[in-house]
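Report on one structure; see the data block that follows.
The values are calculated or read from the model by the stated rules, or taken from the named source; none is laboratory data. This is a predicted model, so every value here is computed, not measured. Here the Cβ is made from the backbone with ideal geometry for all residues, glycine too, and neighbour counts use every protein chain on show. In case anyone asks, the SASA skips ligands and DNA or RNA and just uses the protein heavy atoms, side chains included. Shrake-Rupley method; radii C 1.70, N 1.55, O 1.52, S 1.80 Å.
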Amino acid sequence: MPPSPKKKNSGWALLAWVLNGLGVLALLVILIFYLSQNSALAAVDPFVTSQVPRPTRTPAPTSYYLPTVTPNPQATEIEDYSSPTPFVFTSSSSLPNLIGYSVQNRPIEAYSFGQGENQYLMVAGIHGGYEGNTVDLANQLMVYISQHPEVISTGSTLYIIPDMNPDAVARGRNVDARVNTNGVDLNRNFPTPNWTANWDHSNCWNDRPTTGGTYGGSEPETKAVMNFIGSHHFRAMISYHSAALGVFPGGVPWQSASKDLARILSHATGYPYPPLDIGCVYTGTLADWAVENGVGAAVDMELANHRDSDFSQNLKAMKALVNFNQ
Ligand SMILES: [Zn+2]
(Lines give C-alpha, C1' and ligand atoms only; values in the text may rest on other atoms or scores of the structure.)
Protein backbone atom coordinates (compact mmCIF):
# COMPACT_ATOMS: atom_id res chain seq x y z
CA MET A 1 0.00 0.00 0.00
CA PRO A 2 1.58 3.31 -1.06
CA PRO A 3 2.13 5.88 1.65
CA SER A 4 -0.67 8.28 2.01
CA PRO A 5 0.29 11.55 0.22
CA LYS A 6 -2.15 13.31 2.50
CA LYS A 7 -0.17 12.31 5.55
CA LYS A 8 3.08 13.41 3.96
CA ASN A 9 1.59 16.78 2.95
CA SER A 10 0.25 17.47 6.46
CA GLY A 11 3.77 16.93 7.98
CA TRP A 12 5.34 19.50 5.65
CA ALA A 13 2.49 21.95 6.26
CA LEU A 14 3.00 21.69 10.02
CA LEU A 15 6.69 22.47 9.61
CA ALA A 16 5.87 25.51 7.43
CA TRP A 17 3.42 26.80 10.02
CA VAL A 18 5.96 26.43 12.80
CA LEU A 19 8.57 28.28 10.76
CA ASN A 20 6.04 31.00 9.91
CA GLY A 21 5.16 31.32 13.58
CA LEU A 22 8.81 31.63 14.57
CA GLY A 23 9.34 34.27 11.84
CA VAL A 24 6.41 36.34 13.06
CA LEU A 25 7.63 35.99 16.63
CA ALA A 26 11.11 37.17 15.62
CA LEU A 27 9.64 40.17 13.78
CA LEU A 28 7.57 41.01 16.88
CA VAL A 29 10.67 40.83 19.12
CA ILE A 30 12.60 43.09 16.72
CA LEU A 31 9.69 45.56 16.57
CA ILE A 32 9.34 45.70 20.37
CA PHE A 33 13.11 46.16 20.78
CA TYR A 34 13.14 48.95 18.18
CA LEU A 35 10.23 50.80 19.85
CA SER A 36 11.76 50.54 23.29
CA GLN A 37 15.07 51.93 21.98
CA ASN A 38 13.29 54.87 20.36
CA SER A 39 11.39 55.70 23.51
CA ALA A 40 14.65 55.62 25.51
CA LEU A 41 16.26 57.98 22.99
CA ALA A 42 13.23 60.23 23.14
CA ALA A 43 13.75 60.57 26.88
CA VAL A 44 17.15 62.16 26.38
CA ASP A 45 16.86 63.67 22.93
CA PRO A 46 13.86 65.95 22.38
CA PHE A 47 14.59 66.14 18.69
CA VAL A 48 13.76 62.46 18.13
CA THR A 49 10.02 62.85 18.60
CA SER A 50 9.35 66.56 18.68
CA GLN A 51 8.88 68.83 15.74
CA VAL A 52 11.73 71.12 16.85
CA PRO A 53 14.26 71.21 14.02
CA ARG A 54 17.64 69.85 15.06
CA PRO A 55 20.17 72.66 15.16
CA THR A 56 22.84 72.39 12.57
CA ARG A 57 26.44 72.32 13.70
CA THR A 58 28.78 74.71 11.94
CA PRO A 59 31.82 72.77 10.89
CA ALA A 60 35.13 74.03 12.27
CA PRO A 61 37.03 75.95 9.63
CA THR A 62 39.87 74.02 8.19
CA SER A 63 42.06 77.09 7.78
CA TYR A 64 42.30 80.57 9.26
CA TYR A 65 43.36 83.63 7.40
CA LEU A 66 45.37 85.66 9.87
CA PRO A 67 47.73 88.48 8.97
CA THR A 68 51.23 87.17 8.82
CA VAL A 69 53.77 88.74 11.13
CA THR A 70 57.13 89.37 9.58
CA PRO A 71 59.71 87.99 11.99
CA ASN A 72 62.02 90.58 13.42
CA PRO A 73 65.53 89.81 12.13
CA GLN A 74 66.81 91.14 15.47
CA ALA A 75 64.56 88.76 17.40
CA THR A 76 66.19 87.38 20.49
CA GLU A 77 66.07 84.35 22.64
CA ILE A 78 65.19 86.51 25.64
CA GLU A 79 61.59 86.16 26.71
CA ASP A 80 59.58 89.37 26.84
CA TYR A 81 58.47 89.90 30.43
CA SER A 82 56.92 93.32 29.85
CA SER A 83 54.02 94.33 32.01
CA PRO A 84 51.23 96.19 30.21
CA THR A 85 50.88 98.64 33.08
CA PRO A 86 53.94 100.61 34.11
CA PHE A 87 54.68 100.70 37.81
CA VAL A 88 54.01 104.03 39.48
CA PHE A 89 55.34 104.34 43.00
CA THR A 90 53.15 106.45 45.23
CA SER A 91 53.98 107.18 48.82
CA SER A 92 53.34 110.07 51.11
CA SER A 93 56.71 109.38 52.76
CA SER A 94 58.83 109.93 49.66
CA LEU A 95 58.14 112.28 46.79
CA PRO A 96 60.27 111.87 43.68
CA ASN A 97 63.10 114.24 42.98
CA LEU A 98 63.27 114.89 39.22
CA ILE A 99 66.96 114.63 38.33
CA GLY A 100 66.79 114.82 34.53
CA TYR A 101 65.22 113.54 31.33
CA SER A 102 66.00 110.75 28.89
CA VAL A 103 66.68 111.33 25.16
CA GLN A 104 62.93 110.95 24.57
CA ASN A 105 62.09 113.26 27.47
CA ARG A 106 61.01 110.65 29.95
CA PRO A 107 61.63 111.78 33.53
CA ILE A 108 64.46 110.24 35.53
CA GLU A 109 63.63 110.32 39.22
CA ALA A 110 65.27 109.72 42.58
CA TYR A 111 63.39 108.81 45.77
CA SER A 112 64.77 109.27 49.24
CA PHE A 113 64.09 107.32 52.42
CA GLY A 114 65.24 108.29 55.89
CA GLN A 115 66.66 111.54 57.19
CA GLY A 116 70.13 110.57 58.35
CA GLU A 117 73.38 112.30 57.61
CA ASN A 118 75.02 109.33 55.88
CA GLN A 119 73.84 109.09 52.27
CA TYR A 120 73.62 105.95 50.16
CA LEU A 121 72.48 105.33 46.60
CA MET A 122 70.96 102.54 44.54
CA VAL A 123 70.68 102.87 40.75
CA ALA A 124 68.60 100.43 38.70
CA GLY A 125 67.82 100.07 35.02
CA ILE A 126 71.06 101.54 33.60
CA HIS A 127 70.71 98.74 31.08
CA GLY A 128 67.05 98.55 30.13
CA GLY A 129 65.48 95.77 28.12
CA TYR A 130 66.27 92.32 29.46
CA GLU A 131 67.80 93.87 32.60
CA GLY A 132 64.43 95.43 33.48
CA ASN A 133 64.16 93.09 36.47
CA THR A 134 66.49 95.53 38.25
CA VAL A 135 63.72 98.15 37.90
CA ASP A 136 61.23 95.64 39.34
CA LEU A 137 63.56 95.15 42.29
CA ALA A 138 63.93 98.89 42.91
CA ASN A 139 60.17 99.35 42.82
CA GLN A 140 59.62 96.47 45.25
CA LEU A 141 62.25 97.82 47.62
CA MET A 142 60.63 101.28 47.55
CA VAL A 143 57.22 99.83 48.40
CA TYR A 144 58.75 97.77 51.21
CA ILE A 145 60.74 100.66 52.70
CA SER A 146 57.72 102.98 52.60
CA GLN A 147 55.80 100.35 54.60
CA HIS A 148 58.74 99.59 56.93
CA PRO A 149 60.62 102.88 57.28
CA GLU A 150 62.49 101.52 60.30
CA VAL A 151 64.71 99.44 57.96
CA ILE A 152 66.64 102.62 57.18
CA SER A 153 68.97 103.26 60.12
CA THR A 154 68.47 106.50 62.01
CA GLY A 155 71.76 107.94 60.78
CA SER A 156 71.18 107.07 57.12
CA THR A 157 69.35 108.30 54.05
CA LEU A 158 68.89 105.97 51.09
CA TYR A 159 68.32 107.38 47.61
CA ILE A 160 66.93 105.11 44.90
CA ILE A 161 66.95 105.91 41.17
CA PRO A 162 64.62 103.13 40.06
CA ASP A 163 64.96 103.60 36.31
CA MET A 164 68.02 105.36 34.88
CA ASN A 165 67.25 104.35 31.27
CA PRO A 166 63.48 104.77 30.94
CA ASP A 167 63.43 104.90 27.11
CA ALA A 168 65.04 101.47 26.98
CA VAL A 169 62.79 100.02 29.65
CA ALA A 170 59.79 101.32 27.68
CA ARG A 171 60.99 99.52 24.53
CA GLY A 172 60.45 96.12 26.13
CA ARG A 173 62.39 93.41 27.85
CA ASN A 174 64.63 92.20 25.11
CA VAL A 175 68.26 92.40 24.19
CA ASP A 176 67.64 95.27 21.72
CA ALA A 177 66.52 97.51 24.57
CA ARG A 178 69.79 97.40 26.51
CA VAL A 179 71.03 100.73 25.18
CA ASN A 180 69.50 104.20 25.25
CA THR A 181 67.66 105.80 22.30
CA ASN A 182 70.97 106.90 20.75
CA GLY A 183 72.27 103.33 20.84
CA VAL A 184 74.72 104.17 23.62
CA ASP A 185 75.55 101.71 26.39
CA LEU A 186 75.11 104.00 29.40
CA ASN A 187 77.44 101.90 31.55
CA ARG A 188 80.20 102.74 29.01
CA ASN A 189 79.37 106.41 28.80
CA PHE A 190 80.75 107.82 32.08
CA PRO A 191 83.79 110.11 31.66
CA THR A 192 86.38 107.92 33.37
CA PRO A 193 90.03 108.07 32.29
CA ASN A 194 89.51 104.79 30.42
CA TRP A 195 86.38 105.98 28.55
CA THR A 196 86.35 105.00 24.90
CA ALA A 197 83.67 105.11 22.22
CA ASN A 198 84.59 101.69 20.89
CA TRP A 199 86.12 99.10 23.16
CA ASP A 200 87.23 95.58 22.33
CA HIS A 201 83.89 93.80 22.14
CA SER A 202 85.30 90.32 21.62
CA ASN A 203 85.04 89.13 25.25
CA CYS A 204 82.24 91.51 26.25
CA TRP A 205 78.54 91.81 25.47
CA ASN A 206 78.58 91.62 21.70
CA ASP A 207 75.02 90.81 20.66
CA ARG A 208 74.34 94.17 19.00
CA PRO A 209 76.39 97.14 17.77
CA THR A 210 76.71 99.79 20.47
CA THR A 211 79.07 102.59 21.44
CA GLY A 212 80.22 104.45 24.53
CA GLY A 213 78.76 107.68 23.14
CA THR A 214 80.32 110.63 21.31
CA TYR A 215 82.27 111.55 24.44
CA GLY A 216 82.34 110.55 28.10
CA GLY A 217 79.11 111.80 29.64
CA SER A 218 77.48 112.61 26.27
CA GLU A 219 74.06 111.17 27.12
CA PRO A 220 71.36 113.03 29.05
CA GLU A 221 70.72 109.99 31.27
CA THR A 222 74.43 109.91 32.21
CA LYS A 223 74.48 113.67 32.85
CA ALA A 224 71.44 113.40 35.13
CA VAL A 225 73.12 110.78 37.33
CA MET A 226 76.47 112.60 37.32
CA ASN A 227 74.80 115.82 38.48
CA PHE A 228 72.85 113.98 41.16
CA ILE A 229 75.93 112.20 42.52
CA GLY A 230 77.93 115.42 42.31
CA SER A 231 75.40 117.24 44.49
CA HIS A 232 75.53 114.63 47.29
CA HIS A 233 78.13 112.93 49.47
CA PHE A 234 77.41 109.25 49.03
CA ARG A 235 79.22 106.84 51.30
CA ALA A 236 78.35 103.87 49.14
CA MET A 237 76.29 102.93 46.11
CA ILE A 238 75.06 99.90 44.18
CA SER A 239 74.51 100.01 40.42
CA TYR A 240 72.22 97.10 39.55
CA HIS A 241 72.51 94.81 36.53
CA SER A 242 71.56 91.30 35.47
CA ALA A 243 72.63 88.64 35.17
CA ALA A 244 74.75 86.22 37.13
CA LEU A 245 78.32 87.48 36.92
CA GLY A 246 78.46 88.66 40.53
CA VAL A 247 79.60 91.82 42.34
CA PHE A 248 82.16 94.11 40.65
CA PRO A 249 83.98 96.67 42.82
CA GLY A 250 84.43 100.16 41.39
CA GLY A 251 87.83 101.64 40.58
CA VAL A 252 90.66 100.83 38.20
CA PRO A 253 92.23 98.87 39.78
CA TRP A 254 89.47 97.93 42.21
CA GLN A 255 89.30 100.43 45.04
CA SER A 256 89.85 99.01 48.53
CA ALA A 257 86.58 100.22 50.14
CA SER A 258 84.61 99.02 47.10
CA LYS A 259 86.15 95.56 47.48
CA ASP A 260 84.99 95.56 51.14
CA LEU A 261 81.50 96.60 50.05
CA ALA A 262 81.47 93.89 47.36
CA ARG A 263 82.45 91.26 49.94
CA ILE A 264 79.69 92.36 52.32
CA LEU A 265 77.06 92.42 49.56
CA SER A 266 78.19 89.05 48.23
CA HIS A 267 77.75 87.64 51.73
CA ALA A 268 74.25 89.16 51.99
CA THR A 269 73.05 88.00 48.57
CA GLY A 270 75.05 84.92 47.66
CA TYR A 271 76.14 86.57 44.38
CA PRO A 272 79.72 85.70 43.42
CA TYR A 273 82.65 87.75 44.65
CA PRO A 274 85.16 87.93 43.11
CA PRO A 275 82.89 88.22 40.08
CA LEU A 276 83.16 85.86 37.13
CA ASP A 277 85.94 86.99 34.82
CA ILE A 278 84.80 86.62 31.21
CA GLY A 279 87.85 88.47 29.89
CA CYS A 280 85.97 91.71 29.26
CA VAL A 281 87.64 95.07 30.00
CA TYR A 282 84.97 97.46 31.28
CA THR A 283 85.35 101.11 30.31
CA GLY A 284 83.39 104.22 31.29
CA THR A 285 81.31 102.50 33.97
CA LEU A 286 79.15 104.22 36.55
CA ALA A 287 80.82 102.43 39.49
CA ASP A 288 84.33 103.40 38.33
CA TRP A 289 83.32 107.01 37.72
CA ALA A 290 81.57 107.16 41.12
CA VAL A 291 84.63 106.17 43.16
CA GLU A 292 86.81 108.46 41.04
CA ASN A 293 84.45 111.33 41.89
CA GLY A 294 83.98 111.18 45.63
CA VAL A 295 81.62 108.25 46.31
CA GLY A 296 83.12 106.27 49.20
CA ALA A 297 82.53 102.83 47.69
CA ALA A 298 80.64 101.56 44.66
CA VAL A 299 79.81 98.26 43.02
CA ASP A 300 78.11 96.91 39.92
CA MET A 301 75.94 94.07 41.22
CA GLU A 302 74.18 91.53 39.00
CA LEU A 303 70.91 89.77 39.85
CA ALA A 304 70.89 86.01 39.29
CA ASN A 305 68.90 86.02 36.04
CA HIS A 306 66.99 88.33 33.70
CA ARG A 307 63.57 87.50 35.19
CA ASP A 308 63.50 87.52 38.99
CA SER A 309 63.96 90.53 41.24
CA ASP A 310 65.71 88.46 43.97
CA PHE A 311 63.88 90.65 46.47
CA SER A 312 64.76 88.87 49.71
CA GLN A 313 68.50 88.74 48.96
CA ASN A 314 68.52 92.39 47.97
CA LEU A 315 66.54 93.50 51.00
CA LYS A 316 69.51 92.11 52.98
CA ALA A 317 71.87 93.89 50.58
CA MET A 318 69.98 97.16 51.11
CA LYS A 319 70.26 96.82 54.91
CA ALA A 320 74.00 96.12 54.55
CA LEU A 321 74.41 99.12 52.25
CA VAL A 322 72.75 101.65 54.59
CA ASN A 323 74.98 100.43 57.45
CA PHE A 324 78.22 100.55 55.44
CA ASN A 325 80.60 102.96 57.17
CA GLN A 326 84.07 103.32 55.76
ZN1 LIG B 1 73.97 95.47 32.65
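A compact table of results
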{"quantity": "Test: residue in the range 156-167 that is open to solvent by 30 Å² or more (accessible area, probe 1.4 Å), out of contact with any strand residue (DSSP E or B) (no Cβ under 8 Å at 6 or more places or on another chain) and not small (Gly, Ala, Ser)", "calculated": "no"}
{"quantity": "Lone qualifier among Asp207, Asp200 - being more than 16 Å from the ligand (Cβ to nearest atom), modelled with pLDDT under 95 and not β-branched (Val, Ile, Thr)", "calculated": "Asp200"}
{"quantity": "Selected residue (criterion: nearest to the chain's Cα centre (by Cα)) from residues of the range 168-190 that are more than 15 Å from the ligand (Cβ to nearest atom) and either of a type in the set (Phe, Trp, Tyr) or open to solvent by less than 50 Å² (accessible area, probe 1.4 Å) (or both)", "calculated": "Gly172"}
{"quantity": "Candidate set from the range 210-253 (those that are touching an Asp or Glu at 6+ places or on another chain (Cβ under 8 Å) and open to solvent by 40 Å² or more (accessible area, probe 1.4 Å)); member that is nearest to the ligand (Cβ to nearest atom)", "calculated": "Ala244"}
{"quantity": "Filter result (farther than 13 Å from Leu121 by Cα, in a helix (DSSP H, G or I), in contact with a Ser or Thr (Cβ under 8 Å, 6 or more places away or on another chain) and open to solvent by 10 Å² or more (accessible area, probe 1.4 Å)) within the range 289-326", "calculated": "Trp289, Glu292, Gln313, Lys316"}
{"quantity": "Exclusive hit being within 14 Å of the ligand (Cβ to nearest atom) and within 18 Å of Gln326 (Cβ to Cβ), set Val299, Val295, Val291", "calculated": "Val299"}
{"quantity": "Criterion: under 18 Å from Phe324 (Cβ atoms), touching a Leu at 6+ places or on another chain (Cβ under 9 Å), within 15 Å of the ligand (Cβ to nearest atom) and open to solvent by less than 10 Å² (accessible area, probe 1.4 Å) - qualifying residue of Leu286, Leu261", "calculated": "Leu286"}
{"quantity": "Qualifying residue in the range 79-98 (condition: at pLDDT 95 or above and surrounded by 22 or more Cβ atoms within 10 Å (Cβ to Cβ))", "calculated": "no"}
{"quantity": "Matching residues in the range 230-276 - criterion: being of a type outside the set (D, E, K, R), assigned to a helix (DSSP H, G or I) and touching a residue at least 60 places away in the same chain (Cβ under 8 Å)", "calculated": "Gly230, Ala257, Leu261, Ile264"}
{"quantity": "The one condition in (1) open to solvent by 80 Å² or more (accessible area, probe 1.4 Å); (2) modelled with pLDDT under 90 that Ala75 fails to fulfil", "calculated": "(1)"}
{"quantity": "Selected residue [assigned to a loop (DSSP other than H, G, I, E, B), within 24 Å of Gln326 (Cα to Cα), open to solvent by less than 50 Å² (accessible area, probe 1.4 Å) and touching a residue at least 12 places away in the same chain (Cβ under 8 Å)] from Gly125, Gly116", "calculated": "Gly116"}
